[in-house]
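The values are calculated or read from the model by the stated rules, or taken from the named source; none is laboratory data. On a predicted model such as this, the values are computed, not experimentally measured, just so you know. Counting neighbours? That spans all protein chains shown, and the Cβs are built from the backbone with ideal geometry, glycine included. Just so you know, the surface numbers come from the protein's heavy atoms only, side chains and all, with ligands and any DNA or RNA stripped out. Shrake-Rupley method; radii C 1.70, N 1.55, O 1.52, S 1.80 Å.
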Amino acid sequence: MIDLFALFLMLLSASTPILFAALGELVTERAGVLNLGVEGMMIVGALAGFAAAHHTGNPFLGFAAAALAGALIALPFAALTQFLLANQVASGLALTLFGLGLAALFGKPMEGVKAPAMSPGPLGLNWIVWLGLLMVPTIWWFLNRSRAGLILRGVGENHDAAHALGYDVRRVRIAAIAFGGAMAGVGGAFISIATVLQWTEGMTAGAGWIALAIVVFSNWTAPGVLAGAWLFGGVTVLQLRLQAAGVRVPVQLLSMAPYLATIIVLVAISARQKYSRRAGGTAPGSLGQDFHALR
Amino acid sequence: MIRLVPRSEAAPLLQIATPVLAVLATMIAGGILFAIMGYDPVAAIRTIFWDPLFGPAAGYSRPQLLVKAAPLILIASGLAVGFRAGIWNIGAEGQYIIGAICGAAVALAAYPAPEMWIFPAMVVAGAAGGWAWGMIPALLRNRFGASEILVSLMLVYVAQRIAAWMAFGPMRNPEGFGMPGSRNLQQYPAAANPELIPGTGAHWGVVAAALAVLATWFLMSRHIRGFHIRAAGLAPRAARFAGVKPETLVAFCLGLSSALAGMAGLFEVAGPAGQITDTVGVGYGFTAIIVAFLGRLHPVGILLAGLLLALTYIGGELAQLTLNLPAATVQVFQGMLLFFLLGFDLLTRFRIARRITA
């Protein structure tokens, strides 16, 4: 008999990196910016967090460093898209490629080093898992109930109108991009500090891209992101259980499951958004568009 | 203060100048990075950009230029067609892997038959495999509106796992003493993709890359389909009123770019790589995106950009040997290059003017 509760706790852990990254990207996208650099910011966070945790011996400082590193690495993207009006898709890809390279370059000395131990929080779960769960209502409240969130959504829905009302579109967007980077950094660091317990090149293995898909799945809402992250975590845990149970399917094929599940979910949700005109909140109106004030 | 005035048309001279500026800026920023890391910046830049062509070991490294540039150019010329229309195939790496697997499957099934048709059949299988892999995001976008960016990218990870499964399972060399990896196709004459002219590095993939440059140039500047693609990219609504079907363009652009990527994978696995392993994909599919942008999405530009990025690969390997520079340096260089390019691009689309103070 499988202990369902234990399985649920595993799911919470497995979904945490994606949850952080997707919540960050949610805020960025609600401000009207499509940042495809999530994977790059996550891997930089994974390395910076691991290195800081290793050098200070304090995993929590590691997560703080990861947030800082994620926000910093997002700044070139912010400069390109907000001041130099570069294409957001291409700039995000550049951020991913640059981040992967940078992490591989500076990660060499960290290979083979073990992560410092973390004291677990309630229910034996990592504190960061609880922080992630706490971020869901916080971000929901920020987006839907706070004045700053209203401005952020205004900037994302119609940047020209927000500009006409006197809001600084660029400043809001740069802040949103930096926040998205910080969250992606923490998500990445959770993989290196709390899950794998070491640094390996390319260890985020597409988690950033899955996070991007989950934002679409969520219909751009915080509770939707949680549902998507849990769905993904569930598939991952199930897949690992099947591997452990010695099912007669090659390991390589089982490990495709999260990616295939992401595609299936993305297709299902896109179809719903396409065929029902009034499917609640859809993509922010100005998502992915350049903002250039002529005066 | 300064302000930006949009240009009605992209400035032609700057179109050529900005990639050059971006390369120079990358060299300077790269030099600073090397200095921080404790290497001699001048020696490092010279090793990467100069020595592979004119240095003491150039005799060995020069042929490598075409070997590395061929897959990049082949993939990038297909990608650029789609990018022009705003159709983002980011999963060329996956299509490359599937093309390599499908092409190798033909060879492994025919082994050890000596027939002449085997290599051509492999090329067709490689292109068809890549095409089929690329049609998945195309169909899902057309039918359900799913983002082709995310689907094609997810399929890269799926393709990598299929390659690992093949190398450890169905395609494992029965005479390989249990080692993972398929038979080496270079040692199977009917399936091999050899160097055509000794000392040049030119294999059939180089020929295909040259043809791809010509064909995409013809498509984009002389054919009605190319006109539709450009129209759809510049003014999607206007293109639709003119009768251009977005679905057709999505299928065409993803199909073309993924067939070329699949072919690139086949030429690589039958030639320089030799066998299917769990690391068949070496990142050409991602670097090709940079090549497409650096080449301004223009076939001739892509040809030059492909050669330049091939140079950074070879120079990077050389710098690894002689200066002990980490292998990931090239990746950082390529990422920086795309950053600078996108930044300098501002100059082609906007004019910088003084702000008139009221």
Chain A: calculated mean residue ellipticity at 222 nm from DSSP helix runs of at least 4, using -39500 (n - 2.57): -22000 deg cm²/dmol
Residues listed by number, segment B:235-273, amide nitrogen under 19 Å from B:L321 label point at 7 Å toward C-beta: B:272-273
Solvent-accessible area per residue, Å², over the protein assembly as shown with all protein chains present [probe radius 1.4 Å]: 42 Å²
With all protein chains modelled, accessible area of B:Y157 [1.4 Å, Å²]: 30 Å²
Inter-chain shielding of A:253-264 (mean C-beta neighbours from other protein chains, 10 Å cut-off): 5
Tilt relative to chain A, helix A:257-275 - C-alpha long axis, 0 to 90 degrees, to 10: 30 degrees
Per-pair calculated FRET efficiency, R0 = 22 Å: B:V42 and A:L72 via Cβ, rounded to 0.05: 0.20
Accessible-area composition of the protein assembly as shown, carbon plus sulfur, in percent [1.4 Å probe]: 68 percent
Cα long-axis angle, helix A:207-217 against chain A (0 to 90 degrees, to the nearest 10): 50 degrees
Listed peptides B:34-44, A:19-29 by packing density, highest first (mean Cβ within 10 Å): A:19-29, B:34-44
Where B:W204, A:W130, A:W209 fall by accessible area, highest first, once all protein chains stay in place (1.4 Å): B:W204, A:W130, A:W209
Per-residue mean of C-beta atoms belonging to partner chains within 10 Å, peptide B:338-347: 6
Heavy atoms of B:E317: accessible area, 1.4 Å probe, square angstrom to 10: 90 Å²
Environment charge at A:W140 (Cβ cut-off 14 Å; Lys +1, Arg +1, Asp -1, Glu -1): +3
Estimated dipole of the protein assembly as shown in Debye, rounded to 20 [Cβ of Lys and Arg +1, of Asp and Glu -1, Cα centre]: 2020 debye
Lys/Arg +1, Asp/Glu -1 at C-beta; segment B:197-293 dipole; positive extreme among B:S221, B:G199, B:G243: B:G243
Exposure of B:D51 as accessible area (Å², to 10), given a probe of 1.4 Å and all protein chains: 30 Å²
Helix runs (DSSP H) in chain B reaching 18 Å along axis by Cα, Kyte-Doolittle at least -1.0: B:12-37, B:58-84, B:92-110, B:118-144, B:148-168, B:204-222, B:246-270, B:299-322, B:329-344
Pairwise centroid distance, computed over Cα atoms, of segment A:107-171 with segment B:235-254, Å: 38 Å
Diffusion coefficient, µm² s⁻¹, Stokes-Einstein with Kirkwood Rh over alpha-carbon pairs of segment B:172-306 at 37 °C and 0.692 mPa s: 190 µm²/s
Cα Rg, Dmax, segment B:278-338, angstrom units: 12.2, 36
Listing of segment B:147-173 residues, each with accessible area lower by at least 20 Å² in the full protein assembly than in the chain alone (probe 1.4 Å): B:I149, B:L150, B:V151, B:L153, B:M154, B:Y157, B:V158, B:R161, B:W165
Rounded to whole Å, sorted largest first: equivalent-ellipsoid semi-axes of segment A:128-261, Cα gyration tensor: 35, 15, 14
Helix A:38-56 vs. chain A, principal-axis angle (Cα, 0 to 90°, nearest 10): 60 degrees
Modelled FRET efficiency - R0 25 Å, B:I32 with A:K108, Cβ distances, 0.05 increments: 0.80
Rh by Kirkwood over Cα pairs, then Stokes-Einstein D for segment B:59-294 at 1.002 mPa s and 20 °C, µm²/s: 120 µm²/s
Rg/Rh (Cα only; Kirkwood hydrodynamic radius) as it applies to the protein assembly as shown: 0.96
Amide hydrogen neighbours beyond the local backbone of A:W199, cut-off 5 Å, H modeled: A:G112, A:V113
For B:F350, residues with placed amide H under 5 Å, excluding near neighbours: B:R7
Lys, Arg +1 and Asp, Glu -1 on Cβ, resulting dipole of segment A:4-275 about Cα centre, debye, nearest 20: 320 debye
Cα radius of gyration and Dmax for chain A (Å): 18.9, 67
Pairwise burial A:B, computed as accessible area of each alone minus the pair, summed, 1.4 Å, Å²: 4000 Å²
Cα-centre dipole for segment B:1-132 with unit charges at Cβ (Lys and Arg positive, Asp and Glu negative), debye to 20: 340 debye
Bins of 5 Å from zero: percent of alpha-carbon pairs in segment B:78-179: 2, 13, 19, 19, 17, 12, 8, 6, 3, 1
Spacing of the two label points (7 Å from each Cα toward its C-beta) at A:L240 and B:A57, in nm: 4.3 nm
